[in-house]
1. Cβ under 11 Å from Thr50's Cβ, Thr50 left aside: what net charge do those residues give with Lys, Arg +1 and Asp, Glu -1?
2. Rounded to whole Å, give me the distance from the Cα center of segment 153-210 to that of segment 248-266.
3. Provide the per-residue ³J(HN,Hα) series for segment 201-213, in order, calculated from phi with Karplus coefficients 6.51, -1.76, 1.60 and θ = phi - 60°, each as a whole number of Hz, with x at glycine and proline positions.
4. Give the order of Asp187, Asp167, Asp213, Asp232 when sorted by the count of other beta carbons within 10 angstrom, beginning with the fewest.
5. Which distance in nm do the two modelled labels at Lys189 and Lys291 give, with both placed 7 Å along the Cα-to-Cβ direction?
6. Would you mind getting me the FRET efficiency between Lys267 and Gln344? Use the beta-carbon distance for r and R0 = 30 Å, nearest 0.05.
7. Over 25 Å between C-alpha atoms is what I'm after, so list which of Lys263/Lys337; Lys108/Lys189; Lys260/Lys286; Lys257/Lys318; Lys42/Lys295; Lys255/Lys286 land there.
8. Within a 10 angstrom radius of the beta carbon, how do Tyr321, Tyr186, Tyr247 rank from fewest other beta carbons to most?
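Throughout, read-outs are computed from the coordinates displayed, never taken from laboratory work. Computed from a predicted structure; not experimentally measured. So basically every Cβ, Gly included, is an ideal-geometry build from the backbone, and we count neighbours across all protein chains shown.
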Amino acid sequence: MYTIHAFKKRHFHYNFSIGSLLILLIAALSLGSCSTSSAAMKVLRPAAFTVPENIKTIGLVNRSIPRKNFGNMLEGMVTGEGLFMDRHAARNSINGVIHQLNDSPRFKAIATNVELKGDGIGRNFGNPLPISEVKSICMTHQVDALLVLEAFDSDRQELVELENAGDGQQFVARQITDVQIGWRLYDPKEALLIDEFMTYNRHEWSDAAESNDLAEKLFPAGGGELNQACYDAGRAYAARISPTYTYVRRNYYRKAKGNKSMKAAAKLAQKGRWDKAAEIWSALSKNSEPKIAGKAAYNMAVVNEINGDIPVAYDWAKVAYSDHGLSGAKPYLLELKDRLQQQQMLREQMKN
């Protein structure tokens, strides 16, 4: 639990999709590779956490500057993690958030360059930022909300291990960097602390040498690995609150019992002429041979998903599976069902 001060706390729904990646893996295994090709498409995935629609611009603040106390100084001396290195890494976390949010169609993110001393120690949150200060920063930078980095903790491990490599052995240097970063999102208009969330990220680096001494000299100097881990953690938090673009691959059938039209349509698709390929597949979906009709209907589902018409894509996949008994269409049908649910979430998150 934590003290809210002048803030009210509001609970929002968390939105989670089903295991899309697992479904896609099953689909790939079901279709096989010898009779299929694949196409990449850019899709917008909904955020796990829905931010109120009145918030369009977000200012970023670093409130993880440690106060001068024995605990922070001792941690820096024991772990070798300089406070200045952590400060620079925290800025990289903010950069990760800004880049990810600005890549999304939902928000505009702004670096306020405001740095404040925080009450948090390591991975523990302190008291929320007072409402008066939140409003002042938002007014100065003309933003609708304030996203504040309020807790920061990093840990780095370095080790050398002897491993078998081919006919001999080698010494492998490994560096493991763990970061935990705490974020709070404030709505000044409603005086709400609307999200409090900790992001975790691990960045691993390795290289090999012929001896232990040479391996120990391979470890990266400076905070490059820490900065990357923090940047990725920032992007991860941004993806939590904002719809995010990602690329997916869809398999489609090239062959169906030696049908020449199926092969011709696949060649058109490979050249990006999906509309012409769809004309052939649409006709083949009425073929008297169930396997030909099923594969053509499946491909029509892919075409419509590429065109952004998810409901029609779902209907075609259902025809392939239910009407023509194409077992390879079932995982894709489930994926499209998931995407239909995601479209509803997206409409809610993007309606502003």
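1. 0
2. 43
3. 8, 10, 10, 10, 10, 8, 7, 10, 8, 7, 9, 5, 5
4. Ordered by Cβ neighbours within 10 Å, fewest first: Asp167, Asp213, Asp232, Asp187.
5. Here the modelled spin labels are 6.0 nm apart.
6. For R0 = 30 Å, the calculated efficiency reads 0.25.
7. On the way: Lys263/Lys337 28 Å; Lys108/Lys189 18 Å; Lys260/Lys286 16 Å; Lys257/Lys318 21 Å; Lys42/Lys295 23 Å; Lys255/Lys286 16 Å.
Pairs exceeding the cut-off: Lys263/Lys337.
8. Tyr247, Tyr321, Tyr186
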